[in-house]
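Student: Got a structure here, written out as structure tokens. Questions coming.
Only the coordinates and a few stated rules stand behind these numbers; no lab work does. Predicted, not measured: the structure shown is a model, and the values here were computed from it. Reconstructed Cβ throughout: ideal geometry from the backbone, glycine too, with neighbour counts over all protein chains shown.
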Amino acid sequence: MFIISFCMLTSCYSIRVRNVNGAPQLDPFSERDDYYRGMDVVEIDTVLNKKLTSKDFTYIIKESDACESGKINILEYRNTFGGILLSAITFGNKRKVKIKYVCEKPSN
């Protein structure tokens, strides 16, 4: 039981990449109480499907009204135990990912 608990806790992690040259797009009505407090955050929770012949994953973030500047200021990729388990069961062909990103503030 201890080993299973340890594996579940150590397999859950986040990687955050931030651009130092720009400013994040703000959201004054945001009620978040975490790292993204006051920022306009877009969250994506999806499963990526990989073909047997391809070597890597590419997920394309499409332009939308959420990102006026078309640039990303902060990007966070979260890996969970469930995502690792799905990847192991499907031999790496499917990956469950949680992505959060904050667009860069449009320049005047």
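Student: Given the rule -39500 (n - 2.57) for each run of at least 4 DSSP H residues, summed and divided by the residues of the chain, what is its mean residue ellipticity at 222 nm, to the nearest 500 deg cm²/dmol?
Tutor: Rounded to the nearest 500, the figure is -4500 deg cm²/dmol.
Student: While we're on this one: Taking trypsin sites (Lys or Arg not before Pro) as exposed when DSSP calls them loop (any state but H, G, I, E, B) and at most 13 other Cβ atoms lie within 10 Å, what is the longest stretch of the chain free of them, the sites themselves excluded?
Tutor: 63-108
Student: Please give the charge dipole size of the chain, origin at the Cα centre, charges +1 on K and R Cβ atoms and -1 on D and E Cβ atoms. Round to the nearest 20 debye.
Tutor: 640 debye
Student: Also: Just to be sure I follow the rule: in the chain, considering lysines 8 or more places apart or on different chains, how many pairs have Cα atoms under 23 Å apart?
Tutor: Eligible lysine pairs with Cα atoms under 23 Å apart amount to 21.
Student: Kirkwood Rh, the stretch 2-103, all Cα pairs: how many Å?
Tutor: 15.5 Å
Student: May I pose another question? For a quick check: sort Phe57, Phe81, Phe29 by the number of other beta carbons within 10 angstrom, fewest at the front.
Tutor: Ordered by Cβ neighbours within 10 Å, fewest first: Phe29, Phe57, Phe81.
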